[in-house]
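A.B. asks: The structure is given below, and queries will be raised subsequently.
The values are calculated or read from the model by the stated rules, or taken from the named source; none is laboratory data. Owing to the predicted nature of the structure, the values given are computational and were not obtained by experimental measurement. Here Cβ is always computed from backbone atoms with ideal geometry, including for glycine, and neighbour counts include all displayed protein chains. Remember, those area values only see protein heavy atoms, side chains included, never the ligands or the DNA or RNA. Shrake-Rupley method; radii C 1.70, N 1.55, O 1.52, S 1.80 Å.
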Amino acid sequence: MKIKQCQGAKIEIDMTPMIDICFQLLTFFVFILSFEGADQDARIMLPASELAKPPEKPEETPITLQVTKDGHILAGGQEFPTPESAKSLLNAEKTVLEQRGKSVADANIIIRAHKDAKTGDVQKLIKTAQEVQFVRFSLRAKDKE
Amino acid sequence: MALKIKKGAEPAVAIDMTPMIDIVFQLLSFFIFTLKITTQEGDFNITMPLAAPRAGTPDPNQVPPIKIRLKATTDGSCGGIILNPNDDGTGGTAFGTNGWKQLRTHIASMVGTGSQAASAEVTIDADYNLDYENVIKCITHVSGEKDAAGHITKMVEKIKFAPPRPPGG
């Protein structure tokens, strides 16, 4: 038996709605893209607090130091085995601040410590920073809600 | 002599949309895969002056400095909260290991929420191996309270740490 192959009619699909939706999605993702979390490390699980609210205006000269569960310090893309060993980095930060005509008193050290990190390690880190003349510190926590 | 320009019918130019759609899909895929959903983060400000303040005549309108001792168990969890203990570690008002709310109530009764609260200062003296989340809990309960409507009542704003204790101490 012969089956005739009939020529199918050429169907044109209107792509306009799909392109519209794609552009809308693209715009949405571009707008919500944030580089604020660039210095965050997956090893750090912040403690939660109901009063932890983001600052109203961004800090002018923030220096972020992260403390892992085992007491390692992560800062400036480097890892330091103890809080005391981060002093070299803090000295370098101080030099950069002074070159920019700013004082270490203007700088704010943001401490992102793991919720199970030892309090003593965080205190040692603060003490190390104090030895380099830093006086302003912020302890970071995540919003409980 | 007038020059006549013939208006010819313009041929319909079909624009190939395929490369544009390809690029849009690639960008879209990139943004979807790099999207990181994170919770909001906030800060508690603490000031650690380099020099100890000079001892002088205390201001009668000012709340005396408050000290909170946080003890740790061997596994790092909170082993006790003591408000204003003596220098030898004895005395003070002890709260249970989870007595954060009682601590808040007690601090609120000491400092109130007015100008005295703004001048009040709390020093946290914690064991070395205490889990850091307990310190944040302590700071949270000392620095204010959030009601059901989300309104925050501020209490103590000046928070600092006592010198670190030796490990295991």
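A.B. asks: Quick one: B:Thr39 ticks every box in (1) out of contact with any Asp or Glu (no Cβ under 6 Å at 6 or more places or on another chain); (2) modelled with pLDDT under 80; (3) open to solvent by 30 Å² or more (accessible area, probe 1.4 Å); (4) within 12 Å of chain A (Cβ to nearest Cβ) bar one, so which box is it?
C.D. replies: So the condition that B:Thr39 fails would be (1).
A.B. asks: Another one. Can you find, within the range B:100-139, the residue that is farthest from the other protein chains (Cβ to nearest Cβ) among those that are at pLDDT 90 or above and either over 24 Å from A:His114 (Cβ atoms) or assigned to a helix (DSSP H, G or I) (or both)?
C.D. replies: B:Cys138
A.B. asks: Taking A:Thr27 as meeting all but one of (1) part of a helix (DSSP H, G or I); (2) within 20 Å of the chain's Cα centre (by Cα), write down the number of the exception.
C.D. replies: (2)
A.B. asks: Right, here's the next one. Scan the range A:30-88 residue by residue and report those that are open to solvent by 20 Å² or more (accessible area, probe 1.4 Å), of a type in the set (S, T, N, Q), at pLDDT 85 or above and in a loop (DSSP other than H, G, I, E, B).
C.D. replies: Scanning the range A:30-88 gives a single hit, A:Thr82.
A.B. asks: Looking at (1) more than 30 Å from A:Met18 (Cα to Cα); (2) at pLDDT 80 or above; (3) of a type in the set (Gly, Ala, Ser), find the lone condition where B:Ser29 falls short.
C.D. replies: Just one mismatch for B:Ser29, condition (1).
A.B. asks: Select from the range A:126-145 the residues that are more than 19 Å from the chain's Cα centre (by Cα), of a type in the set (A, V, I, L, M, F, W, C) and either surrounded by 24 or more Cβ atoms within 10 Å (Cβ to Cβ) or more than 7 Å from chain B (Cβ to nearest Cβ) (or both) and list them in ascending order.
C.D. replies: A:Ala129, A:Val132, A:Phe134
A.B. asks: Oh, and also: So which pairs qualify, if the first residue must be in the range A:42-67 and more than 10 Å from chain B (Cβ to nearest Cβ), the second must be in a loop (DSSP other than H, G, I, E, B) and open to solvent by 40 Å² or more (accessible area, probe 1.4 Å), the Cβ gap must be under 6 Å, and the two must be at least 6 apart or on different chains?
C.D. replies: These pairs meet every condition: A:Gln66/A:Asp41.
A.B. asks: How many residues, within the range A:94-110, are at pLDDT 90 or above, within 29 Å of B:Cys138 (Cβ to Cβ) and more than 9 Å from every other protein chain (Cβ to nearest Cβ)?
C.D. replies: The total comes to 1.
A.B. asks: Give the range B:140-164 a look and list any residue that's at the interface with another protein chain (Cβ under 8 Å from one of its Cβ atoms) and surrounded by fewer than 18 Cβ atoms within 10 Å (Cβ to Cβ), or say none.
C.D. replies: If the condition is that a residue be at the interface with another protein chain (Cβ under 8 Å from one of its Cβ atoms) and surrounded by fewer than 18 Cβ atoms within 10 Å (Cβ to Cβ), then B:Lys146, B:Ile152, B:Pro163 are the ones that fit.
A.B. asks: Report, by residue number, each residue of the range A:114-125 that is facing another protein chain (nearest Cβ under 7 Å), part of a helix (DSSP H, G or I), of a type outside the set (Val, Ile, Thr) and surrounded by 22 or more Cβ atoms within 10 Å (Cβ to Cβ).
C.D. replies: A:Gly120, A:Gln123
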